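Structure first, commentary second.
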Amino acid sequence: MELEAVSEKMVVVTKKGQTTIPVKLRKKYNIEEGTKLAVTDTKEGILFKPKKTIWDMIGAYSDPVIADKVDKLLYKIRHENEDE
């Protein structure tokens, strides 16, 4: 996987290993407070990618296979208590 930098920003890492994602990138990738990010170690360095939520998976442009899995999971959750 070859990564090509489109733009590069400088950030600072705190003593606790925390950093701030620049506002422009947070807006571009819809990263808000509480957004979960996948962290991947690549040959180029560290890659952060927003994790898809259930709402992303069942949207208009979602993969039909994923939407089917979500439907089955919701059915299972709704009917778990019926066996008790």
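Taken together, the values in this text are just the output of simple stated rules run on the coordinates, not laboratory data. These figures come from a predicted structure and were not determined experimentally. Here Cβ is always computed from backbone atoms with ideal geometry, including for glycine, and neighbour counts include all displayed protein chains.
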What distance in nm lies between label points placed 7 Å from Cα along the C-beta direction at residue 19 and residue 42? 1.3
Under the 0.36 nm per residue contour assumption, what length would be gained going from the current alpha-carbon distance of residue 35 and residue 74 to full extension? 11.8 nm
Cα-based count: Lys pairs in segment 1-51 below 15 Å, eight or more positions apart or different chains? 9
